[in-house]
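The values are calculated or read from the model by the stated rules, or taken from the named source; none is laboratory data. As the structure is a computational prediction, the values presented were derived from the model and not from experiment. Quick reminder, even Gly has a Cβ in these numbers, built from the backbone with ideal geometry, and neighbours come from all protein chains shown. Ligands, DNA and RNA are stripped out before the accessible areas are found, and what is left, the full protein with its side chains, is counted by its heavy atoms. Shrake-Rupley method; radii C 1.70, N 1.55, O 1.52, S 1.80 Å.
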Amino acid sequence: MKHKFIYIFLLIILVTAVFIYFDNQKERVAIIGAMENEIEEIQSHLSFVKYSQKNDYQIITGQIGKNKIILAKSGVGKVSSATTTQYIIDRYHPTYIVNIGIAGSLSPDLKVGDTIIAKKMVQHDFDVTAFGCPKGYISNGIEPNKPTIFYSDKKLIDKFKKGNCVKQGTIASGDIFVMDIRLKNSIKREFGSDAIDMESAAIAHTAKRNNIPVIVVRTISDGVVDKTNVYNKNKLDIAKKPAQVVIDVLKAD
């Protein structure tokens with residue numbers, strides 16, 4: 001009888017070890033959106049859902065396909081999105097990070113409802129021009145004659161462009177909701193940007209400093225000359241589109 005219990009105990013240990021091994025082989029995908037309407041579509045497709053909160057960080061974990069998901073609403077702006085990204089990296093060690101949400105167009109080629117993968121990202125409001133550097137240059141000693149560019153991971157671009165992402169381009173991020181057409185034109189002219197948001201470059205900046213691959217998937221909520229009422233009208237439905245692109249890719253893994 002004693003030996004029987006030993007065998008059962010060893011079998012439990014073996015099964016647990018096998019489960020942990022295969023569970024660790026799943027990719028851990030962190031998905032970050034600034035607002036509730038940007039993440040709720042992802043949340044509705046999660047299985048094995050768990051909720052966690054520490055201080056101001058609210059994290060939802062679950063699974064889509066074979067992927068373990070870490071889902072977070074960061075809040076609007078560069079600081080909120082960057083600190084949320086760092087918290088997720090420190091606590092959950094994601095394989096890669098996906099930033100989803102909506103963006104404003106800076107190009108007539110990007111219409112409301114178009115989805116864009118950000119190949120490049122820049123912080124348009126970072127300004128140390130007083131020291132002779134160009135606008136957008138982050139003081140890190142790299143290429144001081146150019147704005148500092150952050151990049152989506154090339155392998156992730158290849159993976160996610162198979163979805164409904166019909167465009168690729170540059171997104172400029174800053175802590176301002178830009179509606180003034182003169183400022184839009186200035187940002188486009190200075191950085192060659194196709195769209196504008198308030199988080200993606202900060203998330204990419206944080207991911208780069210931690211050597212974590214990142215990709216940004218955004219859908220256009222308002223055009224170059226549109227007013228705030230167009231954004232307010234479109235933001236709920238439009239926010240589902242980048243989430244659905246991500247869901248389709250993850251389910252296909």
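I'm checking my understanding of the structure. Among residues of region 201-229 that are within 18 Å of G169 (Cα to Cα), at pLDDT below 95 and hydrophobic (A, V, I, L, M, F, W, C), which one is surrounded by the fewest Cβ atoms within 10 Å (Cβ to Cβ)?
Applying the filter and picking the extreme gives V224.
Can you name every residue in region 124-141 that is of a type in the set (A, V, I, L, M, F, W, C) and free of Cβ contacts under 8 Å to residues at least 60 places away in the same chain?
F126, V128, A130, F131, C133
Got a sec? Which of N232, N185 is open to solvent by 40 Å² or more (accessible area, probe 1.4 Å), assigned to a helix (DSSP H, G or I) and at pLDDT below 90?
Just one listed residue meets the conditions, N232.
Considering only residues that are assigned to a loop (DSSP other than H, G, I, E, B), on the phi < 0 side of the Ramachandran plot, out of contact with any Lys or Arg (no Cβ under 9 Å at 6 or more places or on another chain) and of a type outside the set (A, V, I, L, M, F, W, C), which ones fall in region 192-229?
Of everything in region 192-229, those that are assigned to a loop (DSSP other than H, G, I, E, B), on the phi < 0 side of the Ramachandran plot, out of contact with any Lys or Arg (no Cβ under 9 Å at 6 or more places or on another chain) and of a type outside the set (A, V, I, L, M, F, W, C) turn out to be N210, D226, K227.
From the list T219, T228, T170, which one is among the hydroxyl-bearing types (S, T, Y) and out of contact with any strand residue (DSSP E or B) (no Cβ under 7 Å at 6 or more places or on another chain)?
After ruling out the rest, the residue left standing is T228.
Report yes if S139 is open to solvent by 30 Å² or more (accessible area, probe 1.4 Å), farther than 22 Å from R28 by Cβ and either modelled with pLDDT under 95 or polar (S, T, N, Q) (or both), otherwise no.
yes
Only one of (1) buried (at least 20 other Cβ atoms within 10 Å of the Cβ); (2) of a type outside the set (A, V, I, L, M, F, W, C); (3) part of a helix (DSSP H, G or I) is not met by P94, so which one is it?
Among (1) buried (at least 20 other Cβ atoms within 10 Å of the Cβ); (2) of a type outside the set (A, V, I, L, M, F, W, C); (3) part of a helix (DSSP H, G or I), P94 violates only (3).
Go through region 43-64 and give me each residue that's assigned to a strand (DSSP E or B) and out of contact with any strand residue (DSSP E or B) (no Cβ under 8 Å at 6 or more places or on another chain). Give the derivation first.
Quick first cut of region 43-64, residues assigned to a strand (DSSP E or B) only: 47-54, 57-64.
The answer is K54, and nothing else.
One line per residue, one yes/no per condition, for (1) under 21 Å from Q86 (Cα atoms); (2) touching a residue at least 40 places away in the same chain (Cβ under 8 Å):
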{"residue": "E143", "(1), (2)": "no, no"}
{"residue": "D158", "(1), (2)": "no, no"}
{"residue": "I176", "(1), (2)": "no, yes"}
{"residue": "T206", "(1), (2)": "yes, yes"}
{"residue": "V225", "(1), (2)": "no, yes"}
{"residue": "K251", "(1), (2)": "no, yes"}
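Here are some conditions: (1) open to solvent by less than 50 Å² (accessible area, probe 1.4 Å); (2) within 13 Å of the chain's Cα centre (by Cα). Q86 meets all but one. Which one does it not meet?
(1)
Taking the conditions exactly as written (open to solvent by 50 Å² or more (accessible area, probe 1.4 Å) and closer than 19 Å to K167 by Cβ), does D237 satisfy them or not? Even if it seems obvious, please write down each step before you answer.
Values: open to solvent by 50 Å² or more (accessible area, probe 1.4 Å): yes; closer than 19 Å to K167 by Cβ: yes.
Here the answer is yes, as D237 does meet what is asked.
Condition first: among the basic types (K, R) and more than 15 Å from N234 (Cβ to Cβ). Now tell me which residues in region 97-124 satisfy that. Steps first, answer last, please.
We begin by selecting, within region 97-124, every residue among the basic types (K, R); these are 111, 119-120.
K119, K120 - these are the residues of region 97-124 that are among the basic types (K, R) and more than 15 Å from N234 (Cβ to Cβ).
Conditions tested, residue by residue: (1) under 22 Å from I176 (Cβ atoms); (2) modelled with pLDDT under 90; (3) open to solvent by 60 Å² or more (accessible area, probe 1.4 Å).
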| site | (1), (2), (3) |
| --- | --- |
| I102 | yes, no, no |
| T115 | no, no, no |
| V122 | yes, no, no |
| D127 | yes, no, yes |
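For region 165-180, enumerate the residues that are part of a loop (DSSP other than H, G, I, E, B), within 16 Å of I100 (Cα to Cα) and open to solvent by 80 Å² or more (accessible area, probe 1.4 Å).
Once the filter is applied, which keeps residues that are part of a loop (DSSP other than H, G, I, E, B), within 16 Å of I100 (Cα to Cα) and open to solvent by 80 Å² or more (accessible area, probe 1.4 Å), region 165-180 yields only V166.
Among the residues of region 148-164 satisfying the criterion of being in contact with a helix residue (DSSP H, G or I) (Cβ under 6 Å, 6 or more places away or on another chain) and assigned to a loop (DSSP other than H, G, I, E, B), which is most open to solvent (accessible area, probe 1.4 Å)?
Out of the qualifying residues, it is N164.
Any residue that is crowded, with 16+ Cβ neighbours inside 10 Å, in a strand (DSSP E or B) and among the small types (G, A, S) - is there at least one of those in region 27-42?
yes
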